[in-house]
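One structure is given below, encoded as structure tokens.
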Amino acid sequence: MRIAMWSGPRNLSTAMMYAFAQRSDCAAIDEPLYAAYLASTGLEHPMREEILAAQPQDPEKVIERLMGPIPDGKPHFYQKHMTQHMLPEVPRDWMADVVNVFLIRHPARVIASYGAKRENPTLDDIGFWQQAELFAQVGGVVIDSHDIRENPEAMLRALCAAIDLPFDPAMLSWPTGGQPCDGVWAPHWYEAVWKSTGFAGREGPLPDVPEHLRGVMTAAMPHYETLAEQALKPA
């Protein structure tokens, strides 16, 4: 099984990758299209040059790797993807041959978290419209990071059942520090998850969004709400 997890930034996506990477039957890869995205857009992201040097910049080559032999001879392959990396020139036919899961999070939480690492995110940066577009094209399972934080075991069991994968309790914890599946950008973005040994507890109230970013949140909300209507719930 190849599991493509489609998320925006700052959305529990690294913790979910760590969870699947703890399974003895699952290989994991971190944002394989990141270098291709930076090369195509010319965007200045933290550690840009390191990322461009670490990954293929041709999306066709990336997809060949994703759909080729699974690393380490494992039966399953977990692929952590950022929806904004799926630029128009990136082929999408391969998505019909993977299990697509859409990880969502309330825009207020995403914007507050992203803004702490990279100022003034735009709607394009945070991936909501791209996520809704991909879901409309291929469908799949939707899971909300808020629900995972509320009850990690129940939601992971529900997710595994939805994709016909046996649940493994190893998914609930991981060792502190970086993981072998981390992308080269991990030192900049993954400080909090490196300190963790499992999913963080319940989320508090929604954060205040700075006035200059409220338009971004307003634009993102319909896309989030469309997917939230389809969100998986525990049995």
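The values are calculated or read from the model by the stated rules, or taken from the named source; none is laboratory data. The structure displayed is predicted, hence computed values, not measured ones. With ideal geometry, Cβ positions are generated from the backbone for all residues, glycine too; neighbour counts draw on all protein chains shown. With ligands, DNA and RNA removed, areas are computed over all heavy atoms of the protein, side chains included. Shrake-Rupley method; radii C 1.70, N 1.55, O 1.52, S 1.80 Å.
Structure above, values below:
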| item | result |
| --- | --- |
| Criterion: in a loop (DSSP other than H, G, I, E, B), free of Cβ contacts under 8 Å to residues at least 24 places away in the same chain and surrounded by fewer than 23 Cβ atoms within 10 Å (Cβ to Cβ) - qualifying residue of Glu64, Glu44, Glu49 | Glu44 |
| Checklist (1) open to solvent by 20 Å² or more (accessible area, probe 1.4 Å); (2) in a helix (DSSP H, G or I) applied to Pro88, failing item | (2) |
| Criterion (more than 19 Å from Gly127 (Cα to Cα) and not small (Gly, Ala, Ser)) met by exactly one of Asp58, Asp30 | Asp58 |
| Checking Trp194 against (1) in contact (Cβ under 8 Å) with a residue 60 or more places away in the chain; (2) within 30 Å of Asp25 (Cα to Cα), the condition it does not meet | (1) |
| Residue list for segment 188-214, restricted to those being at pLDDT below 95, out of contact with any helix residue (DSSP H, G or I) (no Cβ under 7 Å at 6 or more places or on another chain) and in a helix (DSSP H, G or I) | His188, Glu191, Ala192, Glu211, His212, Arg214 |
| Output for segment 179-226, where each listed residue is among the small types (Gly, Ala, Ser) and surrounded by 13 or more Cβ atoms within 10 Å (Cβ to Cβ) | Gly183, Ala186, Ser196, Gly198, Ala200, Ala219, Ala220 |
| Residue list for segment 226-235, filter: under 13 Å from Phe102 (Cα atoms) and not hydrophobic (A, V, I, L, M, F, W, C) | Thr226, Glu229, Gln230 |
| Residues that are open to solvent by less than 60 Å² (accessible area, probe 1.4 Å) and not in a loop (DSSP other than H, G, I, E, B), drawn from segment 168-178 | Ala170, Met171, Leu172 |
| Checklist (1) closer than 30 Å to Pro169 by Cα; (2) open to solvent by 10 Å² or more (accessible area, probe 1.4 Å) applied to Ala19, failing item | (2) |
| Failed condition for Ala28, given (1) surrounded by fewer than 24 Cβ atoms within 10 Å (Cβ to Cβ); (2) closer than 24 Å to Ala231 by Cβ; (3) not β-branched (Val, Ile, Thr) | (1) |
| Whichever residue in segment 118-139 is in contact (Cβ under 8 Å) with a residue 60 or more places away in the chain and open to solvent by 50 Å² or more (accessible area, probe 1.4 Å) and, among such residues, is nearest to the chain's Cα centre (by Cα) | Trp129 |
| Evaluation of Asp93 against (1) surrounded by fewer than 17 Cβ atoms within 10 Å (Cβ to Cβ); (2) acidic (Asp, Glu); (3) closer than 23 Å to His45 by Cα (one fails), failing number | (3) |
| Top-ranked residue in segment 93-119 [being assigned to a loop (DSSP other than H, G, I, E, B) and out of contact with any helix residue (DSSP H, G or I) (no Cβ under 7 Å at 6 or more places or on another chain); ranked as modelled with the lowest pLDDT] | Arg118 |
